[in-house]
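First the structure, in the form of structure tokens, and then the observations on it.
Please treat every number below as a calculation from the coordinates, not as lab data. Keep in mind it's a predicted model, so treat the numbers as computed, not measured. In this analysis, Cβ positions are derived from the backbone assuming ideal geometry, glycine residues included, and neighbour counts consider all displayed protein chains.
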Amino acid sequence: MSTFVYITCPGVEKYRFSAHHPLRPERVTFSQELAQMLGVLRDEDFVKAEPASSDLVAEVHSPRYVRVVQALSEGKPVPGSHVFGFASSDNPPFRGMFEASLAVVGASVAAAQAVMDGAQVAVNLAGGLHHARREEAAGFCIFNDPAVAIHVLKQKYRRIVYLDIDVHHGDGVQWLYYRDPQVLTISIHESGRFLFPGTGHPDEIGEGEGRGYSANVALGRYTDDEVWWWAFQQVVPPLFHWFQPEVVVLQMGADPHYTDPLAHVMLTAQGWLRAVQWVAEQGIPVVATGGGGYSLPAVVRMWVLALATLKGLPVPNCIPPQFALHGEVQTLYDVDVPDMPERMRQIARQFTEQSVNELKQYLRPYVEWGGTHEKANGSVPQYP
Ligand SMILES: [Zn+2]
């Protein structure tokens with residue numbers, strides 16, 4: 001098994017709710033295409049996944065929900081199906097969604113299996129559908145592929161970190177493992193006070209035996225690179241040090257980018273990439289997935305940068321003229337940085353500092369932090 005594996009998800013283009021839905025499969029196909037053009041992905045990296053079995057999915061979701069998804073996918077009427085999340089315009093049922101969802105899960109399971117077989121990094125950019133609940137589709141997510149990947153990883157590993165840097169709270173994965181001390185979930189997201197799904201507050205720290213194994217950094221609106229990286233450093237390295245994970249599932253949602261139309265966090269590609277870089281440097285096996293991201297040029301640039309970083313490659317910072325999006329963007333790193341009034345930066349900083357301090361207080365009975373009431377001032381990221 002080579003050390004870096006890129007999983008392809010056959011039929012990825014079929015995971016499409018409607019013609020104008022923001023979760024476009026081109027996010028994945030364009031990223032893959034550009035990564036190949038730049039030599040970031042090579043033929044030997046590719047592993048083609050099989051769809052997951054419905055039996056495996058029904059070990060994480062309820063068997064009843066799996067049957068509902070299959071029936072709606074075949075166009076059959078399901079009385080009461082609105083309670084399963086398909087009444088919302090976020091998740092309209094579509095023909096073939098059962099097979100498309102099994103394909104996405106299968107690719108994340110293949111990534112988990114590759115790591116269990118000895119790969120250092122395995123990536124499924126089509127995955128990261130972190131909002132799906134046990135019996136409910138939510139936030140464009142039908143089956144929760146990261147949760148199924150974790151379920152498979154538990155066959156081998158006793159300590160699994162799920163780290164979610166999508167701008168939305170990784171609620172589905174959190175709730176599915178909320179009582180499980182084998183899985184530490186960490187989510188860094190725009191506060192649920194301002195953004196879907198409305199959860200991910202600092203006091204959500206797990207229940208029962210899982211108490212202390214759920215961590216939520218709720219960011220203020222307009223959080224920029226500096227404050228985001230400060231919050232990451234305050235929380236993630238101490239939690240890794242405390243928990244000593246054997247494997248990491250990294251959800252790489254690209255929607256914290258400042259051009260994203262669905263959220264209000266103001267990261268650059270290079271600011272976001274620092275988190276991926278940090279994870280790659282830990283020497284722990286990584287199952288990496290995609291996730292959100294609704295500005296197509298931003299997602300593609302960020303995921304190509306992430307692939308190169310996870311593979312340990314330098315990246316040429318230029319997009320070839322033959323690439324489809326060349327007319328819109330010519331560099332992988334951001335050249336322009338968001339221009340925000342200092343007052344907005346201050347508000348975001350204060351909100352995020354308070355949130356991090358609350359998180360530390362709630363987890364203090366379980367985690368040794370060292371230092372408290374830190375300030376975000378003075379940690380300026382260095383851009384390449
Ligand atoms: Zn998201």
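What percent do you get for the relative contact order of the range 4-363 when only Cα pairs under 8 Å and 6+ apart count?
Normalised by residue count, the contact order of the range 4-363 is 18 percent.
How much length is gained if the chain between residue 358 and residue 194 is pulled fully straight, taking 0.36 nm per residue apart and subtracting their Cα-Cα distance, in nm to one decimal?
57.3 nm
Check which residues have an amide H placed less than 5 Å from residue 288's amide H, if you skip close sequence neighbours.
Result for residue 288 returns 122, 123, 124, 250.
Counting only C-alpha contacts under 8 Å and six or more residues apart, can you give the relative contact order of the range 1-110 as a whole percent?
Normalised by residue count, the contact order of the range 1-110 is 40 percent.
Could you list 257, 264, 130, 82 so that the one with the fewest beta carbons within 10 Å of its beta carbon is first and the one with the most is last?
Lowest to highest Cβ neighbour count: 82, 264, 257, 130.
Of the beta bridges DSSP finds with both residues in the chain, what % are antiparallel, to the nearest 5?
Among the beta bridges of the chain, antiparallel pairing accounts for roughly 5 percent.
Could you list 9, 318 so that the one with the fewest beta carbons within 10 Å of its beta carbon is first and the one with the most is last?
Values: 9 29, 318 12.
Taking fewest neighbouring Cβ atoms as first place, the list is 318, 9.
Excluding same-chain residues fewer than 8 positions from residue 311, which lysines have a Cα within less than 29 Å of its Cα?
14, 48, 154, 156
Could you order peptides 331-338, 285-292 by the average number of other Cβ atoms within 10 Å of their residues, highest first?
Output ranking for 331-338, 285-292: 285-292, 331-338.
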